[in-house]
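Take a look at the structure set out below.
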Amino acid sequence: MQLTEIRVAGFGGQGVILSAILLGKAASIYQGAYATMTQNFGPEARGGACSAQLVLSDSPILYPYITQPDILVVMSQEAYVRFGPELKDGGIMIVEQDLVRVSDLDIHKEIQIYSIPATRIAEELGKRMVLNSVMVGFFTAVTRLLDADAVRKAVADSVPPSFLKLNLQAFEKGFEYGVSALTTAPNTSDAELQLQYSPE
Amino acid sequence: MKADRCTADPRGVLTGTHFIDGDHACCEGALAAGARFAAGYPITPSTEVVERFAARVPKVGGTFIQMEDELAASITLQGAVWGGAKAFTVTSGPGFSLMMEHIGYAVMTETPCVFVDVQRGGPSTGLPTLPAQADMMQARWGSHGDYEIIALCPNSPQECFDLTITAFNLAEEFRVPVMFMMDEVVGHMTEKVVIPPADEIEITPRRHTRKSVEDYLPYGTNGDGVPEMAHAGEGYNFHVTGLTHDERGYPNMTPPVQDKLVRRLQSKIRNAADRICLFEEEQLEGADVVVVSYGITSRVAQRAIESAREMGLRVGKLRLITAWPFPEKKIRNLAAKVKAFVVPELNLGQMVHEVQRAADGQARTFAVSHAGGGVHKPEDILKVIVEASKCRIV
């Protein structure tokens, strides 16, 4: 894979960092690529703004930070407003649709937006905490950047054994949602189109 | 004379492929190296090292103590060393400042140990969560008196593992405190870390004496300037003091004893500098400009070096893995052949002065300074490389 810059952003407690770890682990341990993950967070353990930067490549990664992300995953409105504008032209934006109201907020680039009610899906599975596994499954399907089995393995060896089954279920739910999103909405850069997916 | 070699105790080695950050990798390196004691006063951005150590070490038969402050931490670990353990402490700038007195004590008493400093922006409380490389001179000169220490600078989580083992090994070989100079980026950066099987990890054991109780002199040496230690509790007499002492370890505050002791503390490191100095070099042959860097900055600089080469410039790379002792000979030899050195670092000019001193007027030296809080933009380093390549040889 060529050098790909990814930012995952949301609130502390949503599993933002773990999501990036799962993707980085899949790439670097199970897919033979290179991955570098760095993180930014405030002093709060939960609820504060939180973001992870992940660089993936087939060759060793030198510069540890992203310069302009190819893929942006946003799980809060604050993250959308703050990081939306930095997304590369032609990039992919993945949003938690119940938590982010997509508007055409100074993003005039040609981007592809994919949204998923990851929190709701996680709650339906019985535990809100697995929303990051839902997100990672969705990411894997819509970006087609990583081998799904590599990500499954990364999920399997990163979560506590007692939550393994639930996390793998969450991954599959997200993955399936992503596969169907690809077939039903190939290009959804139009903000108006996004609004119809919003809950209210 | 090199110390005997042995391999790691498998109980402390988490063999496998991991995706962990530099702090955690440093902890695993310490465990693999045989560290079974740490005392610390946790501080951002180094906390994760001892957080992991506190969770891991009881399972392999060791102890972590969270002390009341950094002074206590830095002297408690030395008690553990004299009791027979391999020990270390972990801190960042503000704590490193408080530890300076006891770093001097470790030098004077020749206590083998490791001080990990995950550098953040300073002075004072500075930038707790953001990187800097501004403790490099403090690592070298922070305690009073004349002395030499060893300092290593990893640039990836993998090196945080590998070089932590090297740090412990050097500490034992030379009976000196080794400064492990990480930075916030390397500490908090997560990458793949491969931990080999225990029998592939070389460990330098403590220089325990084989002499009889009667013949043993705690600070006598066998010619390489490094004394042997006694097993505590086996009947050997020993005396440990920060006062100037004779070969018996007893205070003797006379100029001749001071001269002999302090010169030996210095020469045991200086005489072995060629062996201690680790660096990574690339395209030095025929280079006009050599970029000298270390830690996270070496990775940022690599991008600038590659851009400069694409422009047709002849740029070499010298990455310092060992910062102290400084590889003077290497720089002096290069200085005779190149036009200039470019030294990017996350401070307002520290190691660049060493490069300039070692170059001794044979080549120009350009600093690329940064006050900390982030890393350089590769283009800022590139700009200076371009400027340096245009300069005339002095």
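The values are calculated or read from the model by the stated rules, or taken from the named source; none is laboratory data. Being a predicted model, the structure only gives us computed values, none of them experimental. All Cβ positions, glycine included, derive from the backbone under ideal geometry; neighbour counts span all protein chains shown.
Summary table
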| read-out | value |
| --- | --- |
| Any pair with Cβ under 6 angstrom, 6 or more apart, that starts in segment B:64-92 at a residue that is in the same structural domain as B:E48 (by TED's automatic domain parsing) and ends at one that is polar (S, T, N, Q) and assigned to a loop (DSSP other than H, G, I, E, B) | B:Q78/B:T111; B:V81/B:T111; B:V90/B:S46; B:T91/B:S46; B:S92/B:S46 |
| Strands (runs of 3 or more DSSP E) contained entirely in segment B:300-350, each with at least 1 residues that are within 14 Å of another protein chain (Cβ to nearest Cβ) | B:315-320, B:340-344 |
| Test result for B:V185, buried (at least 24 other Cβ atoms within 10 Å of the Cβ), among the β-branched types (V, I, T) and away from chain A (no Cβ under 14 Å) | no |
| Options A:Q39, A:Q31; residue that is at pLDDT below 95 and over 12 Å from the mean Cα position of the chain (by Cα) | A:Q39 |
| Breaking point among (1) in contact (Cβ under 8 Å) with a residue 60 or more places away in the chain; (2) surrounded by 22 or more Cβ atoms within 10 Å (Cβ to Cβ); (3) part of a helix (DSSP H, G or I), for B:M108 | (2) |
| Residue match in segment B:272-284 (condition: crowded, with 19+ Cβ neighbours inside 10 Å, more than 30 Å from B:R175 (Cα to Cα), in contact with a helix residue (DSSP H, G or I) (Cβ under 7 Å, 6 or more places away or on another chain) and at pLDDT 95 or above) | no |
| Matching residues in segment B:319-341 - criterion: being of a type in the set (A, V, I, L, M, F, W, C) and within 22 Å of B:I269 (Cα to Cα) | B:L320, B:I321, B:A323, B:W324, B:F326, B:I331 |
| Test set (1) within 14 Å of chain B (Cβ to nearest Cβ); (2) over 21 Å from A:G15 (Cβ atoms) - A:P85 fails condition number | (1) |
| Answer residue from segment A:142-160, given it is surrounded by fewer than 23 Cβ atoms within 10 Å (Cβ to Cβ) and small (G, A, S) and is farthest from A:I21 (Cα to Cα) among those | A:A148 |
| Residue in segment B:189-220 that is farthest from the chain's Cα centre (by Cα), counting only those that are away from chain A (no Cβ under 14 Å) and part of a strand (DSSP E or B) | B:H208 |
| Candidate set: segment B:351-394, residues that are touching a Pro at 6+ places or on another chain (Cβ under 7 Å) and more than 14 Å from chain A (Cβ to nearest Cβ); chosen: the one nearest to B:E310 (Cα to Cα) | B:V368 |
| Some residue of segment A:67-78 being assigned to a strand (DSSP E or B) and modelled with pLDDT under 95 | no |
| Residue selected from segment A:2-22 under the condition outside any strand (DSSP E or B) and more than 12 Å from every other protein chain (Cβ to nearest Cβ), by the criterion farthest from the chain's Cα centre (by Cα) | A:Q2 |
| Residue in segment A:137-158 that is under 14 Å from the mean Cα position of the chain (by Cα), in a strand (DSSP E or B) and over 23 Å from A:N40 (Cβ atoms) present | no |
| Residue list for segment B:157-182, restricted to those being within 14 Å of chain A (Cβ to nearest Cβ) and in contact with an Asp or Glu (Cβ under 6 Å, 6 or more places away or on another chain) | B:P157 |
| Of residues in segment B:229-248 being in contact with a helix residue (DSSP H, G or I) (Cβ under 8 Å, 6 or more places away or on another chain) and among the hydroxyl-bearing types (S, T, Y), the one surrounded by the fewest Cβ atoms within 10 Å (Cβ to Cβ) | B:T241 |
| Sole residue being within 22 Å of A:L99 (Cβ to Cβ) and touching a residue at least 12 places away in the same chain (Cβ under 8 Å), chosen from A:K173, A:K153 | A:K173 |
| Residue count, segment A:66-84 (criterion: surrounded by fewer than 16 Cβ atoms within 10 Å (Cβ to Cβ) and hydroxyl-bearing (S, T, Y)) | 1 |
| Subset of segment A:9-22 that is under 22 Å from A:P160 (Cα atoms) and in contact with a strand residue (DSSP E or B) (Cβ under 7 Å, 6 or more places away or on another chain) - its residue that is surrounded by the fewest Cβ atoms within 10 Å (Cβ to Cβ) | A:G12 |
| Which listed residue is small (G, A, S), within 10 Å of chain B (Cβ to nearest Cβ) and within 18 Å of B:I296 (Cβ to Cβ), from A:A26, A:A52 | A:A52 |
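To keep it simple, each residue is scored yes or no on (1) at positive phi; (2) within 14 Å of chain A (Cβ to nearest Cβ); (3) touching a strand residue (DSSP E or B) at 6+ places or on another chain (Cβ under 6 Å); (4) modelled with pLDDT under 95.
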{"residue": "B:G29", "(1), (2), (3), (4)": "no, no, no, no"}
{"residue": "B:V57", "(1), (2), (3), (4)": "no, no, yes, no"}
{"residue": "B:F64", "(1), (2), (3), (4)": "no, no, yes, no"}
{"residue": "B:L77", "(1), (2), (3), (4)": "no, no, yes, no"}
{"residue": "B:G84", "(1), (2), (3), (4)": "yes, no, no, no"}
